[in-house]
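Peer 1: The structure follows.
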Amino acid sequence: MRSKLSRLLPALMLAALAIASAAPIADSVDVRIDEWMTPSSPPYPHDPAVAPDGSIWYTGQRANVIGRFDPKTEQFKEFPLPTANSGPHGLQADKDGNIWYTGNAAALIGKVDAKTGKVTEYKMPDPKAKDPHTIVFLKDGTLLFTVQAGNLVGSLDPKAANGAIKLVSPPTANARPYGIKLDSKGVAFFDEFNAPNIGSIDPATMKITEYPLPDKAARPRRIAVAKDDTVWYGDYARGYLGHLDPKTGKVDEFASPGGGKSRPYAIDITADGAVWYVETGDDAHNMLVRFNPGTKKMQTFPIPGGGGTVRNMEIDRNGNLWLAESGVGKIARVTIKSATSTQ
């Protein structure tokens, strides 16, 4: 017969988790930023991706390679791509650790077998889809991706012959779909970089919905989705951090510390709910910014190597941020060392 304590343990664990999730977000943290120069020639890492085994992958855009970095050994390995000048851009790891990337200059999506290095390419079926941009994976393994200049959002089924690629256009002409992320229900939200809108696409129907932003000059570039399925984005043109509630359409804006020309770019959200993004207005001195949605307070950190425009970031299973510092050829790990709540 189970003891009273053993019967209570599941409830106690759930209560502890609830308390932890409701814990206030710290206003101030300490970080350590480590950087590594990529071996590409020329070095120009565009986007980072975290694989299931903890390795960090990146697109070597100008060298036409996909790179792998092992944080444990600090060793690099790079994989040349079969199509010359394919312009590898966005990338993501699938559940098996294979790396999928967008050939931004070659109208294709590619897959790198993480074990063998073999590359498989899927060509776009429509000539308008000339520049696949950013990738996300649905739970069933299907890829959703944006096509910026082609003004399209697409899906690719890895299990189907030739990828069974489908492409749809947003309602706004020349909207230039850019960053893309999923909410908890598998709905993808994306920035329209050439329009004052955030878009969403239902993977089941490929129907696109647009959410207008209050300022017509807004130009959202990268995007992140919080645990409550609200959307955070960087307004690259105006120097704001934006917050959209898709249920109500309500938008809140917060001026970035660097001002109107700070150019918020890479963005993500840590497990505690803090929003992190990078100001790229000064290529030589990119600034990492942390925002507390509860108190609306911001904290900034200079990137040691300058950054040279940090275009994207990802968070690993230990809660570290990984950045691709394009212009200076480096990848960086941001370790959050400590936090003090002031709420």
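The values are calculated or read from the model by the stated rules, or taken from the named source; none is laboratory data. No experiment lies behind these values; they were computed from the predicted model shown. So basically every Cβ, Gly included, is an ideal-geometry build from the backbone, and we count neighbours across all protein chains shown. Note: areas computed on protein heavy atoms with side chains; ligands, DNA, RNA excluded. Shrake-Rupley method; radii C 1.70, N 1.55, O 1.52, S 1.80 Å.
Peer 1: Applying the selection to the range 210-226, what residues are surrounded by fewer than 18 Cβ atoms within 10 Å (Cβ to Cβ) and touching a Lys or Arg at 6+ places or on another chain (Cβ under 8 Å)?
Peer 2: 215, 217
Peer 1: What's the total number of residues in the range 13-33 that are modelled with pLDDT under 95 and open to solvent by less than 30 Å² (accessible area, probe 1.4 Å)?
Peer 2: Residues in the range 13-33 being modelled with pLDDT under 95 and open to solvent by less than 30 Å² (accessible area, probe 1.4 Å): 3 in total.
Peer 1: Same structure, new question: Suppose we keep only residues that are open to solvent by less than 50 Å² (accessible area, probe 1.4 Å) and without any contact (Cβ under 8 Å) to a residue 40 or more places away in the chain within the range 188-209. Which one would you say is nearest to residue 91 (Cα to Cα)?
Peer 2: My answer is 192.
Peer 1: Which residue is surrounded by the fewest Cβ atoms within 10 Å (Cβ to Cβ), if the candidates are limited to the range 283-306 and must be touching a strand residue (DSSP E or B) at 6+ places or on another chain (Cβ under 8 Å) and assigned to a loop (DSSP other than H, G, I, E, B)? Steps first, answer last, please.
Peer 2: Going residue by residue through the range 283-306, those that are touching a strand residue (DSSP E or B) at 6+ places or on another chain (Cβ under 8 Å) are 285-293, 296-306.
Right, trim to assigned to a loop (DSSP other than H, G, I, E, B) and you get 285-286, 293, 296, 303-306.
Values: 285: 14, 286: 30, 293: 19, 296: 10, 303: 23, 304: 13, 305: 19, 306: 18.
Once the filter is applied, the top-ranked residue is 296.
Peer 1: List pairs: first in the range 79-99 and without any contact (Cβ under 8 Å) to a residue 40 or more places away in the chain and within 12 Å of residue 121 (Cα to Cα), second open to solvent by 20 Å² or more (accessible area, probe 1.4 Å) and assigned to a strand (DSSP E or B), Cβ under 8 Å, 6+ apart or cross-chain?
Peer 2: 81/119; 82/119; 82/121; 83/121
Peer 1: Hey, could you check the range 321-343 for residues that are open to solvent by 20 Å² or more (accessible area, probe 1.4 Å) and in a loop (DSSP other than H, G, I, E, B) and say which is nearest to residue 245 (Cα to Cα)?
Peer 2: Restricting to residues being open to solvent by 20 Å² or more (accessible area, probe 1.4 Å) and in a loop (DSSP other than H, G, I, E, B), the top hit is 343.
Peer 1: With (1) open to solvent by 40 Å² or more (accessible area, probe 1.4 Å); (2) under 29 Å from residue 80 (Cβ atoms) as the list, and residue 181 as the residue in question, which single condition is left unmet?
Peer 2: Residue 181 satisfies every listed condition except (2).
Peer 1: Can I ask one more? Does residue 126 satisfy the condition of being free of Cβ contacts under 8 Å to residues at least 40 places away in the same chain, of a type in the set (Asp, Glu) and over 22 Å from residue 313 (Cβ atoms)?
Peer 2: no
Peer 1: May I pose another question? For residue 239, state whether it is on the phi > 0 side of the Ramachandran plot and open to solvent by 10 Å² or more (accessible area, probe 1.4 Å). Steps first, answer last, please.
Peer 2: Numbers: on the phi > 0 side of the Ramachandran plot: yes; open to solvent by 10 Å² or more (accessible area, probe 1.4 Å): no.
Taking the combined requirement at face value, the residue does not satisfy it.
Peer 1: Quick one: would you say residue 282 is among the acidic types (Asp, Glu) and without any contact (Cβ under 8 Å) to a residue 40 or more places away in the chain?
Peer 2: Here the answer is yes, as residue 282 does meet what is asked.
Peer 1: Which residues, taken from the range 242-260, are aliphatic (A, V, I, L, M) and surrounded by fewer than 15 Cβ atoms within 10 Å (Cβ to Cβ)?
Peer 2: The one that is aliphatic (A, V, I, L, M) and surrounded by fewer than 15 Cβ atoms within 10 Å (Cβ to Cβ): 255.
Peer 1: Output the residue which, of all residues in the range 151-178 that are assigned to a strand (DSSP E or B) and either open to solvent by 30 Å² or more (accessible area, probe 1.4 Å) or in contact (Cβ under 8 Å) with a residue 60 or more places away in the chain (or both), is farthest from residue 128 (Cα to Cα).
Peer 2: 166
Peer 1: Having 3 or more residues that are open to solvent by 20 Å² or more (accessible area, probe 1.4 Å) is the bar; report the strands (runs of 3 or more DSSP E) wholly within the range 34-150 that clear it.
Peer 2: 75-80, 119-123
Peer 1: Let me ask another. Return yes when residue 263 is touching a Ser or Thr at 6+ places or on another chain (Cβ under 6 Å) and either open to solvent by 40 Å² or more (accessible area, probe 1.4 Å) or at pLDDT below 95 (or both) and no when it is not.
Peer 2: Values: touching a Ser or Thr at 6+ places or on another chain (Cβ under 6 Å): yes; either open to solvent by 40 Å² or more (accessible area, probe 1.4 Å) or at pLDDT below 95 (or both): yes.
So residue 263 passes the test.
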